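All remarks here apply to the structure that follows.
The values are calculated or read from the model by the stated rules, or taken from the named source; none is laboratory data. Everything numeric here is computed off the predicted structure, so don't read it as measured data. Here Cβ is always computed from backbone atoms with ideal geometry, including for glycine, and neighbour counts include all displayed protein chains. Heavy atoms of the whole protein, side chains included, go into the accessibility calculation; ligands, DNA and RNA do not. Shrake-Rupley method; radii C 1.70, N 1.55, O 1.52, S 1.80 Å.
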Amino acid sequence: MTKSTDTTTRAVVEELLLRIGQGDAERIAELYAERSDWKLSWPEDEHGRTATPWIRPRSTRADAAAHYRELAAHHVPGEAATEIERILVDGADAVVLGEIRQTAKATGRPYRARFALHLTVEDGLVVRHHVYEDSLAVARAFAP
């Protein structure tokens with residue numbers, strides 16, 4: 001891989017993280033390709049059956065925008081923080097390591113969840129978005 005590929009990947013990932021922090025779902029989605037490979041670390045048989053409707057398969061730019069809108073709708077505004085510990089870049093691939101802190105709107109319970117986010121960037125757009133997170137912490141915060 002070339003240094004310019006690493007630089008482009010890092011720039012797109014940093015811009016994505018900035019936009020996620022700003023919370024504008026449409027602007028976030030602009031950084032995703034029209035079609036992308038989207039996965040979350042959640043048992044597939046649980047998709048759509050929990051109080052976490054944003055955790056489900058996605059594949060389009062519109063899906064990405066919907067994900068960020070749904071995520072915001074189910075958490076208490078102003079009670080969120082993300083600590084990015086490291087961004088590792090190898091060509092078109094990047095891994096973001098960190099921890100999120102949120103409060104579930106439905107229960108009022110705060111939670112912390114460690115995560116790894118694997119992104120792949122092609123032509124300046126995200127084509128892979130795989131999240132590996134502490135889904136048990138999220139499930140507990142939203143459990144009735």
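State the Cα centre-to-centre distance between region 54-71 and region 88-144 in whole Å.
Distance between centres, Cα-based: 13 Å.
What does the charge dipole of the chain about its Cα centre add up to, to the nearest 20 debye, if the Cβ of each Lys and Arg holds +1 and the Cβ of each Asp and Glu holds -1?
440 debye
Taking the dipole about the Cα centre of the chain, with the C-beta of Lys and Arg at +1 and of Asp and Glu at -1, give me whichever of Ala64, His129, Gly23 is farthest to the positive side.
So the residue we want is Gly23.
Along Cα→Cβ, 7 Å out, is where each label goes; now give me the distance between the ones at Thr103 and Gln22 in nm to one decimal.
So the label points at Thr103 and Gln22 sit 2.6 nm apart.
Can you order the peptides 52-64, 13-25 by their average number of other Cβ atoms within 10 Å per residue, highest first?
The most tightly packed comes first, giving 52-64, 13-25.
I want to check the label-to-label distance for Arg35 and Ala73. Put each point 7 Å from Cα in the C-beta direction and report it in nm to one decimal.
Here the modelled spin labels are 2.7 nm apart.
Give me the accessible area per residue for the chain, probe 1.4 Å, as a whole number in Å².
Per-residue value: 54 Å².
Rounded to a whole number, what % of the accessible area of the chain do carbon and sulfur atoms account for, probe 1.4 Å?
53 percent
Give the Rg (one decimal place) followed by the Dmax (whole number) of the chain, computed from C-alpha coordinates and expressed in Å.
According to the Cα coordinates of the chain, Rg and Dmax are 14.9, 50 Å.
Restrict the search to region 63-144; then list the GluC sites (Glu not before Pro) that DSSP places in a loop and that have at most 11 other Cβ atoms within 10 Å of their Cβ.
Qualifying residues, ordered by number: none.
Top mean-square fluctuation among Asp37, Asp123, Asp134, Gaussian network model of the chain, C-alpha springs under 10 Å?
Comparing Asp37, Asp123, Asp134 in the GNM, the peak value goes to Asp123.
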